[in-house]
Amino acid sequence: MTLQIGFVLTVVSLMMVAIVTEIARPDIIVFMTLVIFILSGTLPVDEALQGFSNKGMLTIALLFIVAGAVEKSGVADKMVSALLRKKSSDRRVLLKVLVPTSILSGFLNNTPIVVTLTPVIKKWAADRGISPSKFLLPLSYATILGGTITLMGTSTNLVINGMLDNLGLKEFTFFQLAYVGIPALIVGLIYLIVFGSRMLPNHKVMEDRIAEQSREYLSEIVVENTFPHNNKTIREAGLRNLKGLFLIEIIRGAEKISPVRSTTLIRTGDRLIFTGLIETIAELQHMKGLRIEAGPELTLDDLKNGTSQVVEVVVSHQSSNLLHRRIRDAQFRSQFDAGVIAVHRNGERIETKVGDIRLRAGDTLLLLAGPDFYNRVRQSNSFYVTTPLGVQPWPEDKRQGWISIMVLVLMIVFVATHVLTLFKAILGGVVVLLATKAISPEEAKNKVQFSVLLLISSAFGVGAAIVRSGAAAWVANGLVNLGKPIGVLAVLAIVYLITNVFTEFITNNAAAVIMLPIGLAIAAQMHANPMAFIVVVAIAASASFSTPIGYQTNLIVYGPGGYKFKDYLKVGIPLNLIVMLITILVDKFIWLQQ
């Protein structure tokens, strides 16, 4: 091993450790890795920055806009709502929901599909007294499987396609991955419907669980006439920045004031509702004129009024203003017109002061949201709302909805019939959507996930460093020596497993960019069809079923479904093995025969 290979492998290994331990957002970590390679002279600047103008990355950016327009049309939730109206057994409901959503995710970003359908399925389940945990994880898995059937079904396919273009290799055709994707989807859905749902727990939704334990979260303080700060603002009274306690509502007679602003006045007789562990309420006992109500009989319903509601959200993986920040510093009231009632992580309540919790992607928050909450969250990428908001999220416009659907259908037809390349078809589609006002420029900008684009663009440079340094060839040689005595299928299985482990912990796009050069180097050394290894990397990088952190849709349903990490392992590992077996068998009979 040369010094340069050792340096590159060490830096990449540290990058993966940093992503797994969440010391910063993945896009920042990968970008800083690229900066290290540039400053160390490992990679020329022009080669390092190729990813920022790569066709695959630009295609993903445009696809976010198309998906946003289709999401705005409401086609997904209307379709599923219609399917759920008829009474059916749980298995039949799963079949009716998973089949169309998996097919739809072959042509759209699956994140908005899962975000849109999670509150629909939760409400349907709650109305029937059924646990949503039987449906939400299968929904995530089905959309991941559906994304493997087309070139545009997942960003991973587009990233790999962009790398092939950079390397001067033959790119994917639109339905090339369907040779693996369709059989994997069919067998995977059968497994989820027949076996997977049985293995999932019967968990109550977060709101129900917290309602049963509300005394652990809600404390009531009565303001007496001896309180020295009567008729002063919350800030002047020193009730704004209490350690571990948040004032989320004031009950004044028949009036409920929420979320509470720093300029709100305190009056005698006010009942102040704080959220936090009961033991932290002792911090208020030393303030004259404040009386703790013993054993308050508060419930979450008591907090709701005509202008506020209890809302469940999941912290987004791309949040720029919440990740790794303490709740006390996140300014929920001013940013989102909401107060934090409770925080759950890994399906369990965090046993610490609310204000001291540092937020991570996938954390589930219960918020008391004010009337302006939806307008503010709509313009933010901070979290996914997973409960119905009781407001129309988009103005109803059937004409614009039909335009979005027609644009998507025409794009697919033009690409499938080779009239246009995928990039040109999506570019034309975005122009039509903007020209017809099916989506506004402001909405389009908000739909583009810039953190994802930064990660992908930077990952291209990291992949180039792996190739240029000789690290890809060195790792490939070791894997070939390990699997060659058993045969090429064994080497394919090894590449699949390594890629899959990477994607479960360091994001799918980063896993694809690291493993594709290694797969191509192995194919060259074994004189095998490179497409066999390209397909293995593409499918393995998308097939993230065994952890909640590997794929954002798994993260979205983590809290709302009340899942634990072991639920993903129990249901996801068999599904991973099924998809791996199908991928290798298809490889054997199609690409290894060429």
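The values are calculated or read from the model by the stated rules, or taken from the named source; none is laboratory data. What you see is a predicted model, and the numbers here were worked out from it, not measured in a lab. Glycine gets a Cβ as well: all are built from the backbone with ideal geometry, and neighbour counts include every protein chain shown. Keep in mind that these areas ignore ligands, DNA and RNA; they rest on the heavy atoms of the full protein, side chains included. Shrake-Rupley method; radii C 1.70, N 1.55, O 1.52, S 1.80 Å.
Give the residues of region 140-153 that are open to solvent by 10 Å² or more (accessible area, probe 1.4 Å) and under 13 Å from the mean Cα position of the chain (by Cα), sorted by residue number.
Passing the criteria: none in range.
For a quick check of your reading: which helices (runs of 4 or more DSSP H) sit entirely within region 404-500 and have at least 3 residues that are farther than 28 Å from N529 by Cβ and of a type in the set (A, V, I, L, M, F, W, C)?
422-435, 450-468
Residues L365, L359, L422: which one is under 25 Å from the mean Cα position of the chain (by Cα), over 17 Å from V315 (Cα atoms), open to solvent by less than 30 Å² (accessible area, probe 1.4 Å) and modelled with pLDDT of 70 or more?
L422
Can we say V187 is buried (at least 16 other Cβ atoms within 10 Å of the Cβ), at pLDDT 85 or above and in a helix (DSSP H, G or I)?
Here the answer is yes, as V187 does meet what is asked.
Mind checking which residues of region 305-339 are of a type in the set (K, R), closer than 27 Å to E255 by Cβ and in contact with a Leu (Cβ under 8 Å, 6 or more places away or on another chain)?
none
Among the numbered criteria (1) over 22 Å from V313 (Cα atoms); (2) without any contact (Cβ under 8 Å) to a residue 60 or more places away in the chain; (3) polar (S, T, N, Q), which single criterion is violated by N109?
Here N109 clears every test but (1).
Find the residue count for region 518-546, including only residues that are under 20 Å from M57 (Cβ atoms) and open to solvent by 10 Å² or more (accessible area, probe 1.4 Å).
Count: 1.
From the list F450, F460, F502, pick out the single residue that is open to solvent by less than 20 Å² (accessible area, probe 1.4 Å), within 29 Å of the chain's Cα centre (by Cα) and of a type in the set (F, W, Y).
Answer to the selection: F460.
Of everything in region 554-571, what is part of a loop (DSSP other than H, G, I, E, B) and open to solvent by 20 Å² or more (accessible area, probe 1.4 Å)? Give them in sequence order.
K564
Among (1) of a type outside the set (D, E); (2) on the phi > 0 side of the Ramachandran plot; (3) surrounded by 24 or more Cβ atoms within 10 Å (Cβ to Cβ), which single condition is A471 missing?
It is condition (2) that A471 fails.
At pLDDT 90 or above, crowded, with 23+ Cβ neighbours inside 10 Å and under 30 Å from I466 (Cα atoms): does that describe F37?
For F37, the condition - at pLDDT 90 or above, crowded, with 23+ Cβ neighbours inside 10 Å and under 30 Å from I466 (Cα atoms) - is met.
Going through region 474-487 one residue at a time, which ones are open to solvent by less than 10 Å² (accessible area, probe 1.4 Å) and under 33 Å from the mean Cα position of the chain (by Cα)?
Selection gives A476 alone.
Does K96 meet the test of being out of contact with any strand residue (DSSP E or B) (no Cβ under 9 Å at 6 or more places or on another chain), among the charged types (D, E, K, R), modelled with pLDDT of 85 or more and in a helix (DSSP H, G or I)?
yes
Part of a helix (DSSP H, G or I), open to solvent by 10 Å² or more (accessible area, probe 1.4 Å) and of a type in the set (S, T, Y): is that true of S88 in this structure?
No: the conditions fail for S88.
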